[in-house]
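J.: Attaching a single structure in structure tokens format; questions to follow.
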Amino acid sequence: MAMGGIFISYRQEDAKPWALLLCERLAGAFGKERIFLDVDTLHAGNWRAQIDHALNQCRVVLVIIGRRWLSITDESGLQRLNRSDDVHRNEIALALSRKEITVIPVRVDGTAMPRAQDLPSDIQSLTDQQSRELSDSGARREVDMELLIEDIQRITGLKARRKEPTPSLGYYLGAGLERGARVLKDSSSTVMAIFALSLAVWMFFYVIPPGEPLTPAETSVVLGACVVIVVVSKRLWARFRKTRKQDDSLS
């Protein structure tokens, strides 16, 4: 894990889905190399040493607290937080003991912060840390996540990458309607230009009639010539305007 990293501490039985969600979002904001999550980051070897090494490199520890955080017990029925060898408890205690590390409790599933008297003495100061909540509501959770990311930026000095918004259906519909309107406008102007040119040719032949009336085939040729003249003229004009705009931008 890179220096200035973010350590996610949680119990699998209590908040694993939330830990995975948080890991994914923070990896997208700060880079996967800065996030420590046991299921993704641990490799072969002494896992306790790896966790201790990760804590040595981190600036922020996020402690995820769900509804079962306090009540989970071991095989003998002892509350796991009360065991001196409990890994999760030791992670929190070690993080709280270091001045260079900021511990942020992250409450999920509508869980309130525990009371200090309900915690072992070495992690009672966890209740003194300002907590953040991740809401069950998608819209509200996005706001909560942004607030947490802002906290991490302020603490670590890291700059979060901003996710490009995904275009909505309304965006595509609007873009399609806008493009359709442009095509319709362009087509209408082309038809009007062809009509005007054809009318001008008809008036020319009306004022100066040919020796013999035009045959249907000749009339088609004249109309076709009007279409070609209008289309080519519009393209040449568009190219001229584009070239002129490029010249103006360079000058």
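The values are calculated or read from the model by the stated rules, or taken from the named source; none is laboratory data. Keep in mind it's a predicted model, so treat the numbers as computed, not measured. In this analysis, Cβ positions are derived from the backbone assuming ideal geometry, glycine residues included, and neighbour counts consider all displayed protein chains.
J.: Taking interchain pairs and intrachain pairs at least six residues apart, which have beta carbon atoms under 9 angstrom, with the first residue in the stretch 140-153 and farther than 13 Å from Phe30 by Cβ and the second assigned to a helix (DSSP H, G or I)?
T.: Within 9 Å, the pairs are Arg141/Leu21.
J.: Test Val87 against the criterion of being within 20 Å of Ser125 (Cα to Cα) and at pLDDT below 90, and give yes or no. Steps first, answer last, please.
T.: Values: within 20 Å of Ser125 (Cα to Cα): yes; at pLDDT below 90: yes.
Yes.
J.: Does Leu70 satisfy being surrounded by 23 or more Cβ atoms within 10 Å (Cβ to Cβ), in the same structural domain as Met113 (by TED's automatic domain parsing), in contact with a strand residue (DSSP E or B) (Cβ under 9 Å, 6 or more places away or on another chain) and modelled with pLDDT of 90 or more? Don't jump to the end; show me each part of the working.
T.: Details: surrounded by 23 or more Cβ atoms within 10 Å (Cβ to Cβ): no; in the same structural domain as Met113 (by TED's automatic domain parsing): yes; in contact with a strand residue (DSSP E or B) (Cβ under 9 Å, 6 or more places away or on another chain): yes; modelled with pLDDT of 90 or more: yes.
No, not satisfied.
J.: Does Asp128 satisfy being in the same structural domain as Ile65 (by TED's automatic domain parsing), modelled with pLDDT of 70 or more and touching a strand residue (DSSP E or B) at 6+ places or on another chain (Cβ under 9 Å)? Outline the logic, then answer.
T.: Values: in the same structural domain as Ile65 (by TED's automatic domain parsing): yes; modelled with pLDDT of 70 or more: yes; touching a strand residue (DSSP E or B) at 6+ places or on another chain (Cβ under 9 Å): no.
Here the answer is no, as Asp128 does not meet what is asked.
J.: Of (1) farther than 20 Å from Lys16 by Cβ; (2) touching a Gly at 6+ places or on another chain (Cβ under 8 Å), Leu94 satisfies all except one. Which?
T.: Among (1) farther than 20 Å from Lys16 by Cβ; (2) touching a Gly at 6+ places or on another chain (Cβ under 8 Å), Leu94 violates only (2).
J.: Would you confirm whether or not the stretch 157-172 contains a residue that is at pLDDT 90 or above, assigned to a helix (DSSP H, G or I), surrounded by 10 or more Cβ atoms within 10 Å (Cβ to Cβ) and not hydrophobic (A, V, I, L, M, F, W, C)?
T.: Of all residues in the stretch 157-172, those at pLDDT 90 or above come to none.
The answer is no, given that none of the residues of the stretch 157-172 is at pLDDT 90 or above, assigned to a helix (DSSP H, G or I), surrounded by 10 or more Cβ atoms within 10 Å (Cβ to Cβ) and not hydrophobic (A, V, I, L, M, F, W, C).
J.: OK, next. Of everything in the stretch 31-59 that's touching a Ser or Thr at 6+ places or on another chain (Cβ under 8 Å) and in a helix (DSSP H, G or I), which residue is modelled with the highest pLDDT?
T.: Initial filter on the stretch 31-59 (touching a Ser or Thr at 6+ places or on another chain (Cβ under 8 Å)): 35, 50, 54, 59.
Of the ones still in play, those that are also in a helix (DSSP H, G or I) are 50, 54.
On the way: Gln50: 73, Ala54: 77.
Filtering the stretch 31-59 for residues that are touching a Ser or Thr at 6+ places or on another chain (Cβ under 8 Å) and in a helix (DSSP H, G or I), the one modelled with the highest pLDDT comes out as Ala54.
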